[in-house]
1. Does region 33-56 include one or more residues that are small (Gly, Ala, Ser), surrounded by fewer than 17 Cβ atoms within 10 Å (Cβ to Cβ) and over 25 Å from Pro143 (Cα atoms)?
2. Would region 22-32 turn up any residue that is of a type in the set (Val, Ile, Thr), under 20 Å from Glu137 (Cα atoms) and buried (at least 16 other Cβ atoms within 10 Å of the Cβ)?
3. Could you tell me which numbered condition Met1 fails, if it satisfies all but one of (1) in contact with a strand residue (DSSP E or B) (Cβ under 7 Å, 6 or more places away or on another chain); (2) in a loop (DSSP other than H, G, I, E, B); (3) under 16 Å from Ser134 (Cα atoms)?
4. Output the residues belonging to region 14-68 that are more than 29 Å from Leu107 (Cα to Cα), of a type outside the set (Val, Ile, Thr) and assigned to a helix (DSSP H, G or I).
5. Can you say whether Lys71 is open to solvent by 10 Å² or more (accessible area, probe 1.4 Å), not acidic (Asp, Glu), not assigned by the TED database to the domain that holds Leu205 and not in a loop (DSSP other than H, G, I, E, B), as far as the supplied structure shows?
6. Wholly within region 87-202, which strands (runs of 3 or more DSSP E) include no fewer than the required count, namely at least 2 residues that are surrounded by fewer than 16 Cβ atoms within 10 Å (Cβ to Cβ) and in contact with a helix residue (DSSP H, G or I) (Cβ under 7 Å, 6 or more places away or on another chain)?
Amino acid sequence: MKAVIFDMDGVIIDSESIHADMKIRTLTHFGIPCSMEDCVAYVGRSAKAFFTDFAKFATTPVSIQEMVDYKHRIYLEYIQESNSIYPIDGVLDLLYQLHSEGIPVALASSADRKVINAVLTKFGLMDCFEYILSGAELPASKPNPAIYQLTAKALGFAPADCVVIEDATAGIMAAKDAGAYCIAYDNPNSGPQDLSRADKIVSSLSDIVVSDILQN
């Protein structure tokens with residue numbers, strides 16, 4: 001393996017439940033009912049995909065982009081103002097180990113570019129990644145494999161030469177369909193996810209050993 005590609009939500013920060021809460025708040029603002037259970041199937045997917053499916057329940061005209069923009073705005077406010085969100089245990093040490101070994105590292109997230117930048121800036125992680133791709137900028141994000149195919153290409157490698165670290169079913173599907181080796185982090189805060197297609201499952205990011213990655 002020659003490079004490592006990280007997902008962000010649920011891997012870099014524990015934010016899946018926060019995203020779900022912001023989606024519910026957005027739909028409530030536009031008069032559309034939604035529960036936390038309704039959000040589980042959309043973990044790892046783009047806000048556009050989520051609101052596209054729920055827009056049909058609106059009782060007054062509202063555009064998908066309007067809902068996406070509202071959700072991003074309140075989420076960014078939360079990220080910038082909250083003192084209760086931190087990098088996931090083990091991820092900083094893992095990033096340091098990869099850097100010390102000279103292994104190229106990228107980030108491929110379904111999140112909006114502004115959200116990605118806000119998260120990485122808040123925790124001083126922007127310089128940890130040689131390449132960053134937002135699935136919101138693609139015709140289709142996860143589970144479509146394009147996000148990982150394009151990220152691998154930008155790093156100068158084939159997907160088969162890359163390790164992807166994911167926490168969600170949609171992301172694992174994208175990684176495997178792209179042809180990458182996938183390590184699934186079984187994050188208890190990401191809701192019930194099907195991790196069965198992953199090549200390896202870990203209960204902590206501290207369980208990922210860089211020397212083992214290199215030998216795969």
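The values are calculated or read from the model by the stated rules, or taken from the named source; none is laboratory data. Remember, it's a predicted structure, so these values are computed and weren't measured experimentally. No Cβ is skipped: glycine too gets one built from the backbone with ideal geometry, and neighbour counts run over all protein chains shown. Quick note on the areas: whole protein, heavy atoms, side chains included, nothing else; ligands and nucleic acids left out. Shrake-Rupley method; radii C 1.70, N 1.55, O 1.52, S 1.80 Å.
1. Within region 33-56, none of the residues are small (Gly, Ala, Ser), surrounded by fewer than 17 Cβ atoms within 10 Å (Cβ to Cβ) and over 25 Å from Pro143 (Cα atoms).
2. no
3. Of the numbered conditions (1) in contact with a strand residue (DSSP E or B) (Cβ under 7 Å, 6 or more places away or on another chain); (2) in a loop (DSSP other than H, G, I, E, B); (3) under 16 Å from Ser134 (Cα atoms), the odd one out for Met1 is (3).
4. His29, Ala55, Lys56, Phe57
5. no
6. Output list is empty.
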